[in-house]
1. Over the Cα atoms of the stretch 4-102, what is the Rg over Rh ratio if Rh follows Kirkwood?
2. Of the accessible area of the stretch 107-174, with the probe set at 1.4 angstrom, what percent is carbon plus sulfur?
3. Quickly estimate the mean residue ellipticity at 222 nm for the chain, helices only: each DSSP H run with n ≥ 4 gives -39500 (n - 2.57), and the total goes over all residues, rounded to 500.
4. Suppose every Lys and Arg Cβ carries +1 and every Asp and Glu Cβ carries -1, with no other charges. What dipole size does the chain come out with about its Cα centre, to the nearest 20 debye?
5. Which is farthest toward the positive dipole end of the stretch 107-174 among PHE119, PRO138, HIS172, measuring Cα position about the Cα centre, with Cβ charges +1 (Lys, Arg) and -1 (Asp, Glu)?
6. Find the Cα radius of gyration of the stretch 107-174, compare it with 2.2 N^0.38 Å by division, and give the number to two decimals.
7. For the chain, what ratio Rg/Rh do Cα atoms give with a Kirkwood hydrodynamic radius?
8. In whole angstrom, note down how far apart the Cα centers of the stretch 130-166 and the stretch 36-71 are.
Amino acid sequence: MDSIYQYIAKLEQEGREFAVCTVIDAQGSSPGRTSFKMVVLPDGTQRGTVGGGKLELTVLGAARDAIAEGKSRVVSFDLSQNGEDSLGMLCGGQVTLYIEYMGSRPLLYIYGAGHVGRFLATFASLVGFEVTVLDDRPDFATPARFPDAHHFLTGEFVELVQTTAYGLQGYHVIL
């Protein structure tokens, strides 16, 4: 079984979206201890633990919210039975977690498969972009010329722009 860090690295390499939940403070009696980690995917799949039970179920929901909003956050929970914001647990302590949103790879669309585009695709891929190369010359926008690009679109630029579904987080470079 992979360590939690190997799992995180694998998800990043795959360009997956997820959240890393880390206990950053635990006071009093708590099922989670400082540095406990849990990884949560958008569908609720999880690996690791922040302590189990009702705390973990509540953190799972908060992590899914963070993923849906695309924002990291710090959350605190009262683990007592009484109180307006308590989780109704017997523990009686308090726990604070950092839920770190880890987004999918940012998208880069390179219009023009010339020599500058080739170098840009290599650099962008190295720093984590998912690269799409667009060109009106099918012989230029190829995996042989752009080994670091992930997708290729060829055709008239106006038609490509009108028919391509772009990601909301995409960047566009016209060369």
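The values are calculated or read from the model by the stated rules, or taken from the named source; none is laboratory data. Computed from a predicted structure; not experimentally measured. Glycine gets a Cβ as well: all are built from the backbone with ideal geometry, and neighbour counts include every protein chain shown. We work out accessible area using only protein heavy atoms, side chains counted, and drop any ligands, DNA or RNA first. Shrake-Rupley method; radii C 1.70, N 1.55, O 1.52, S 1.80 Å.
1. Working: Rg = 13.2 Å, Rh = 13.4 Å.
Ratio of gyration radius to Kirkwood radius for the stretch 4-102: 0.99.
2. Values: 2570 of 4140 Å².
Here carbon and sulfur together make up 62 percent of the probe-accessible area.
3. Details: 4 runs with 46 residues, N = 175.
So the helix-based figure for the chain works out to -8000 deg cm²/dmol.
4. Values: 13 positive and 20 negative charges, 83 e Å.
Here the size comes out at about 400 debye.
5. With unit charges placed on the Cβ atoms, the residue in question is PHE119.
6. Details: Rg = 10.8 Å, N = 68, 2.2 N^0.38 = 10.9 Å.
Computed over Cα atoms of the stretch 107-174, the ratio equals 0.99.
7. Rounded to two decimals, Rg/Rh equals 1.17.
8. 37 Å
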